[in-house]
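The values are calculated or read from the model by the stated rules, or taken from the named source; none is laboratory data. Quick caveat, the model's predicted, so the values are computed rather than measured. Quick reminder, even Gly has a Cβ in these numbers, built from the backbone with ideal geometry, and neighbours come from all protein chains shown. Each accessible area value is taken on the protein alone, full model and side chains, heavy atoms only, with ligands, DNA and RNA left out. Shrake-Rupley method; radii C 1.70, N 1.55, O 1.52, S 1.80 Å.
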Amino acid sequence: RLYVPDAFSPNDDGINDILQPHLRTFWEISDYSFTIFDRWGNQVFRTSNPAVGWNGEINSEQPMKGWYVWVVQYNLLREEREVPVVKSGESILM
């Protein structure tokens, strides 16, 4: 199961400051990536670490409010074979 919040607000109040997928599975995962794009299709964030999320900064600058598209890709290691998973969606930076 994969959950990515619909909205986040990186204002350092300790509540929803980071946009990060929450992944629950009984299976091991490999080749994980979480990528975020702005409305023009420019990549603004990418990580291969499931424990790392986006704080909204783009090139160390304050973020622009609005919608961002995210893509999560990984392989599930099930019964000695890899099953590719790709999920995408939108989140709003408030």
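Computed values, structure above
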{"item": "Odd one out for ASP12, checked against (1) without any contact (Cβ under 8 Å) to a residue 12 or more places away in the chain; (2) within 14 Å of the chain's Cα centre (by Cα)", "result": "(2)"}
{"item": "Within the stretch 28-49, tally of residues that are more than 12 Å from the chain's Cα centre (by Cα) and either charged (D, E, K, R) or surrounded by 13 or more Cβ atoms within 10 Å (Cβ to Cβ) (or both)", "result": "5"}
{"item": "Only listed residue being in a strand (DSSP E or B), surrounded by fewer than 14 Cβ atoms within 10 Å (Cβ to Cβ) and modelled with pLDDT of 95 or more, chosen from VAL86, VAL69", "result": "VAL86"}
{"item": "Residue satisfying all of: in the stretch 54-66; assigned to a loop (DSSP other than H, G, I, E, B) and more than 16 Å from the chain's Cα centre (by Cα); surrounded by the most Cβ atoms within 10 Å (Cβ to Cβ) among these", "result": "MET64"}
{"item": "Breaking point among (1) open to solvent by less than 60 Å² (accessible area, probe 1.4 Å); (2) in contact with a Pro (Cβ under 8 Å, 6 or more places away or on another chain); (3) in a loop (DSSP other than H, G, I, E, B), for ASN16", "result": "(1)"}
